[in-house]
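The values are calculated or read from the model by the stated rules, or taken from the named source; none is laboratory data. Predicted model, so just to flag it, every value in this text is computed and none were measured. Here Cβ is always computed from backbone atoms with ideal geometry, including for glycine, and neighbour counts include all displayed protein chains. Side chains are part of the model used for accessible areas, which takes the heavy atoms of the whole protein and leaves out ligands, DNA and RNA. Shrake-Rupley method; radii C 1.70, N 1.55, O 1.52, S 1.80 Å.
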Amino acid sequence: MIPSAAAGQGARPKPSLTLSDAVAMIVGLIVGAGIFGTPSIVAGAVESESLLVAVWIAGGVFSVIGALCYAELATAFPSAGGEYHFLQRAFGRSLAFLYGWARMTVIVAGSIAVFAYLFGDYMSRVVNLGAYSSAIWAVLIVGILTMVNYTGIREGKITQDIFAVLEVGGLVLIIVAGLVLAPAPAEVAAASGAAGQPWYMGAGIGSAMVFVLFTYGGWNDAAYISAEVRDRDRNMVRALLLSIGLVTVLYVLVNLAYLNGLGYHAMARSDAVAADLLKGVWGTTGEKLISAMIAIAALTSVNGSMIVGARSNYALGKDWPLLGFLGRWDEASGSPRNAMLVQGVIALVLVIFGAVQNAGFKGLVEYSLPVFWGFFLLVGVALFVLRAKEPDAPRSFRVPGYPVVPAVFIAVCAYLLYSSLMYHRTHALVGLGVLAVGAVVMLVARGTQRPD
């Protein structure tokens with residue numbers, strides 16, 4: 001039985017996360033299974049070793065610029081609602097509702113489902129459970145991690161710390177294997193003509209940056225833990241910059257390892273670049289090892305997404321009585337338990353749907369990115385709006401180089417919104433459909449009971 005929304009209305013998030021907890025959580029949110037697969041897509045899109053390294057560095061620079069914008073918003077307006085809260089203060093309740101709805105139904109729950117399914121794919125290489133092995137593993141891990149995070153923030157953050165350490169250790173292993181242990185790669189000539197080439201070959205920098213920044217994605221979700229970080233005014237900025245700096249160094253080194261161990265052309269045409277690298281160093285043992293590493297990476301993404309996703313659902317429930325059961329904060333566990341359970345159920349439904357429809361990682365990226373970059377752009381605009389709308393709000397941190405730095409952030413978001421629409425036109429309609437359903441739910445919510 002779900003307790004009434006009112007029962008937990010007086011409880012609030014408490015500052016329980018240290019700087020190291022926040023860094024581990026953000027690194028875990030950023031570093032996911034994507035870094036084991038997207039480098040080959042990016043390499044083929046840019047068709048140059050120097051451009052390959054440049055776009056990964058550019059991804060880190062853009063992430064730092066975005067983090068500076070988010071640091072001002074998160075320290076001036078701390079809330080478990082994160083971006084939902086920023087958009088509400090800047091643009092009002094309706095737009096914030098649509099964003100919260102999109103996160104709850106597609107952006108976060110969908111990410112949980114796809115990474116859980118990816119976990120199942122690789123765990124099945126270690127322990128196969130039959131014809132539906134991947135789906136069974138995915139259902140199990142969504143259920144288990146939902147219960148872990150339902151228990152409380154302490155259990156969730158300990159789990160995230162462990163996963164993050166293992167995950168970063170896996171990337172270090174790839175770096176060592178590629179830069180130190182791998183034999184000189186055999187020369188692979190560039191294929192002539194379009195026949196037999198992967199779809200992404202020669203797609204260009206726009207397509208490359210879509211996948212680079214997808215792989216860097218997750219740092220923005222740090223906004224959802226801003227109300228729970230100790231010494232927030234100082235530690236939020238430090239946590240964002242430390243984590244993004246660490247991830248940028250890791251990503252560049254990983255790509256250099258792929259280049260050194262496989263060669264550029266083999267890297268660009270690989271379907272499983274990390275597996276190919278470790279197979280060349282340790283044979284089938286290397287393949288098994290990378291399967292375990294990618295499974296750990298997927299677990300990290302699932303667990304981190306659960307932590308921040310439930311908090312945005314909580315914020316939505318606090319503001320809209322129709323969804324009020326989501327807005328209950330359990331003080332004993334330090335967790336929005338109802339929001340966590342609902343999120344888990346949606347993710348499980350998506351896992352089952354993915355198994356039936358044979359949908360995959362790439363499909364979810366295509367469905368969600370236009371919606372994601374559209375709202376991301378609006379968060380950047382919100383910084384300007386709130387500077388004008390609430391000039392007296394205490395801002396212990398201000399974006400350096402204002403207004404140029406946030407303007408650059410907005411411009412890049414607009415470019416990536418355009419790029420994602422150009423490359424995935426049909427699938428973008430799915431995101432618009434989800435927002436349309438959300439608009440109907442919002443109208444019903446307004447009609448049944450006007451929020452306070």
- request: Only one of these is within 24 Å of I307 (Cβ to Cβ) and at pLDDT below 90: A6, A45, A76. Name it.
  value: A76
- request: Looking only at segment 93-107, decide whether some residue is modelled with pLDDT under 85 and not aromatic (F, W, Y).
  value: yes
task: Output the number of the condition that A275 fails; it satisfies all remaining conditions of (1) closer than 22 Å to V172 by Cβ; (2) surrounded by fewer than 21 Cβ atoms within 10 Å (Cβ to Cβ).
output: (2)
query: Residues of segment 384-426 being more than 12 Å from C69 (Cβ to Cβ) and small (G, A, S), which ones?
result: A388, A393, S396, A411, A414, S419, S420
message: Quick check on my filter: what residues within segment 278-292 are of a type in the set (V, I, T) and within 26 Å of the chain's Cα centre (by Cα)?
response: I290
query: Out of curiosity, is F214 closer than 28 Å to T75 by Cβ, open to solvent by 20 Å² or more (accessible area, probe 1.4 Å), at pLDDT below 80 and assigned to a helix (DSSP H, G or I)?
result: no
- prompt: Out of segment 262-295, which residues are more than 14 Å from G37 (Cβ to Cβ) and either aromatic (F, W, Y) or in contact with a Phe, Trp or Tyr (Cβ under 6 Å, 6 or more places away or on another chain) (or both)?
  reply: Y264, W282
query: Inside segment 79-92, can you point out the residues that are modelled with pLDDT under 90, open to solvent by 10 Å² or more (accessible area, probe 1.4 Å) and outside any helix (DSSP H, G or I)?
result: S79
- prompt: Could you say which residue among P400, P451, P406 is open to solvent by less than 30 Å² (accessible area, probe 1.4 Å) and at pLDDT below 90?
  reply: P451
- request: Determine which member of the set A298, A310, A315, A332 is in a loop (DSSP other than H, G, I, E, B), touching a residue at least 12 places away in the same chain (Cβ under 8 Å) and of a type outside the set (F, W, Y).
  value: A332
task: Could you please give the count of residues in segment 108-121 that are over 30 Å from P321 (Cβ atoms) and either surrounded by 24 or more Cβ atoms within 10 Å (Cβ to Cβ) or modelled with pLDDT of 85 or more (or both)?
output: 7
query: Quick one: which of A208, A203, A186, A222 is part of a loop (DSSP other than H, G, I, E, B), in contact with a helix residue (DSSP H, G or I) (Cβ under 7 Å, 6 or more places away or on another chain) and at pLDDT 50 or above?
result: A203
statement: F36 meets each of (1) open to solvent by 20 Å² or more (accessible area, probe 1.4 Å); (2) over 26 Å from F325 (Cβ atoms); (3) modelled with pLDDT under 80 with one exception, condition (1)
